[in-house]
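The values are calculated or read from the model by the stated rules, or taken from the named source; none is laboratory data. Here the structure is a predicted model, which is why all the values come from computation and not from measurement. Because the Cβ atoms are built from the backbone with ideal geometry, glycine has one as well, and the counts that use them run over all protein chains shown. SASA here: full protein model, heavy atoms, side chains in, ligands and nucleic acids out. Shrake-Rupley method; radii C 1.70, N 1.55, O 1.52, S 1.80 Å.
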Amino acid sequence: MAVPVSQAWTVATYVLKQKIMGRKKYPLVLMLEPLFRCNLACAGCGKIQYPAHILKAELTPEDCFKAVEECGTPMVAIPGGEPLLHPQMPEIVAGLVARKKYVYMCTNALLLKEKLHLFKPSKYLSFSVHVDGQREHHDFSVCREGGYDIAMEGVHAAVAAGFRVTTNTTLFDGADPNSVRAHFDELMVAGVESMMVSPGYTYDKAPDQKHFLGRARSKKMFRAILSNRKSTWRFNASPIFMEFLMGKKDLTCTPWGMPTFSIFGWQKPCYLLQDGYADSFKELMETVQWSNYGTESGNPQCANCMVHSGYEASGVNYTFGSIKGLLQTAKAIFFSKYEDDGAMKLLNEWKPAHAAPLVQIATPGAASNSAELQGVSGD
C-alpha cells in the first residue's frame with residue numbers, strides 16, 4: 001500500500017465520523033508552517049518575498065501543539081520555508097508523534113542527512129522530500145545546481161535509517177512527461193514509500209510567472225504521465241485526485257480541507273491564498289466566505305488551480321460521499337494502470353512549450369541574505 005494500513009484506517013474512520021455527524025466542511029490535513037525561512041530561493045515560490053524580520057520569526061512548539069489540538073485533524077503537514085532550519089523542529093515533531101498525529105515533515109533535504117540523528121523512526125513520521133524531477137529539471141526548479149544530488153543523498157540516508165520517506169514533486173510548464181516517468185522509477189528504486197505530484201500554483205509574487213500551467217495543459221500533461229501506469233509506482237494521493245489531474249474526474253475545490261496555521265495565525269482562505277488571517281480555527285471556518293473561492297466561484301486567483309492542497313481533500317470527500325464514490329475508488333485502486341493509447345502517443349510526440357529554463361534568481365545578495373538567515377537558526 002502507498003500508506004500504512006493503520007494510517008489509512010485512521011483517516012477513513014475520521015472522515016466517516018465527520019459524515020455521520022453531518023459536517024459538510026471539515027479539515028483533513030493541517031498545514032502547519034512554523035517558519036517561512038528557507039535555504040533555497042525557488043523561482044516558482046510565493047513565500048520568499050517576505051522581509052528578513054518575518055523570515056526570522058518562528059512558532060514555538062506550544063503554538064504548534066495548540067493549533068493541532070484546535071484543528072483536530074489526524075494528519076499534519078509541516079511545510080515552510082524549510083522546517084529543518086527551525087532549531088526546535090525535533091521537539092515539535094516528537095510532540096506531534098506523541099499525540100499520535102501522522103506527520104509529513106516537508107523538506108528540500110539539503111540538511112536532512114546531517115540532522116537525521118535528531119529524529120526517531122516512527123509509523124507516525126514521514127519525511128516528505130521535495131524533488132521536482134530528474135537532476136537537471138530539479139536543479140532548475142529550485143535554482144540551485146547540485147540540489148538534486150544532495151536531496152537524494154538525504155532520501156537514501158533516511159531510508160537506510162528506517163524512516164518513512166515520501167516525495168513531493170511540483171510540475172511546471174516545460175516539464176517532459178517522459179522524464180517525469182523516469183523520475184518515478186528512480187524514486188521507487190531509492191526505496192521511497194510513495195510519491196505525491198501536483199501542478200504548481202500561480203503565486204502572484206513568484207519571480208517566474210512564465211512557467212505556470214493552465215488547466216488544459218495540466219490535464220494533458222498528467223494524462224501523459226499517469227496513464228499506462230507502472231505497477232511499481234506508489235502514490236501518496238487519493239485515486240480520485242489522480243483522476244482529476246488526468247482530466248477523468250471533475251472536482252470542486254475544498255479550500256477548508258487543508259487549513260494553514262503560521263506565525264500570522266489561521267490563513268484565509270487556504271494554503272495558497274492570503275486574504276487575511278483568523279485568530280482561531282473556529283473563526284476561520286465561520287467567517288470565510290467559502291463561496292468566493294474555487295474555480296466555480298469565478299475568482300481569477302482560482303482559475304487555473306489544480307493543486308494538491310486544494311483538491312486532495314475533495315477527492316477524499318468524493319470517495320466517502322456515496323456508495324458510488326467508494327466503488328469508483330476501489331476500482332481505481334485495483335485497476336490502476338489506466339491503459340490509454342492516446343496518452344502513449346502524447347508521450348512519444350511530446351514537445352515542451354518553452355525551451356528556456358526556469359528563471360534563476362540566486363544572486364550574491366540573495367546568497368548573503370540566505371547565510372544571514374541560516375546563521376539566525378544556528379545552521
Gained length - GLU296 relative to MET188, 0.36 nm times residue gap less alpha-carbon distance: 35.2 nm
For the chain: accessible area per residue (Å², 1.4 Å): 43
Label of the coordinate-derived value, volume of the Cα convex hull per residue in Å³, listed as (i) 142; (ii) 195; (iii) 129: (iii)
Protein accessible area in the chain, 1.4 Å probe - carbon and sulfur %: 55
Nearest-0.05 FRET efficiency for ASN178 and GLU70, computed from C-beta distance (R0 41 Å): 0.35
Amide H contacts of ASN108 (H built 1.01 Å from N, under 5 Å, at least 5 apart or other chain): HIS130
With all protein chains modelled, accessible area of CYS64 [1.4 Å, Å²]: 0
Dipole moment magnitude, nearest 20 debye, the stretch 245-290 about Cα centre, only Lys, Arg, Asp, Glu C-beta charged: 260
When each of LYS25/LYS66; LYS66/LYS100; LYS66/LYS101 is checked by Cα-Cα distance, pairs over 18 Å: LYS25/LYS66
Positive-pole candidate from PRO74, LEU59, CYS38, dipole of the stretch 15-93, charges at beta carbon: PRO74
Beta bridges per DSSP with both ends in the chain, % antiparallel, nearest 5: 15
Gain in span if fully extended, LYS345 to LYS56, counting 0.36 nm per residue against the direct Cα distance: 99.1 nm
Solution diffusion estimate, µm²/s, Stokes-Einstein, the stretch 31-169, Kirkwood Rh from C-alpha pairs, 25 °C, viscosity 0.890 mPa s: 161
Residues with amide H under 5 Å from that of ARG164, placed H, sequence gap 5 or more: SER122, PHE127
Approximate spin-label separation LEU16-SER336, in nm, with each point projected 7 Å along Cα-to-Cβ: 2.1
Computed accessible area, LYS17, all protein chains, 1.4 angstrom probe, square angstrom: 120
Accessible area in the full protein assembly, largest first, 1.4 Å probe, for HIS308, HIS117, HIS183: HIS117, HIS308, HIS183
With DNA, RNA and ligands ignored, accessible area of TRP266 (1.4 Å probe; Å², nearest 10): 0
Net charge dipole size for the stretch 88-146 [Lys, Arg +1 and Asp, Glu -1 on Cβ; Debye, nearest 20]: 500
Helix-only [θ]222 nm of the chain, DSSP H runs n ≥ 4, -39500 (n - 2.57) each, per residue, nearest 500: -12000 deg cm²/dmol
Under 5 Å, built H, 5+ apart or other chain: amide partners of MET196: THR167, ASN168, THR169, ASN236
Cα lying deepest toward the dipole's positive end in the chain, options PHE335, ASN178, LEU272, charges on Cβ: PHE335
Cβ charges +1 (Lys, Arg) and -1 (Asp, Glu), total dipole of the chain, debye: 1300
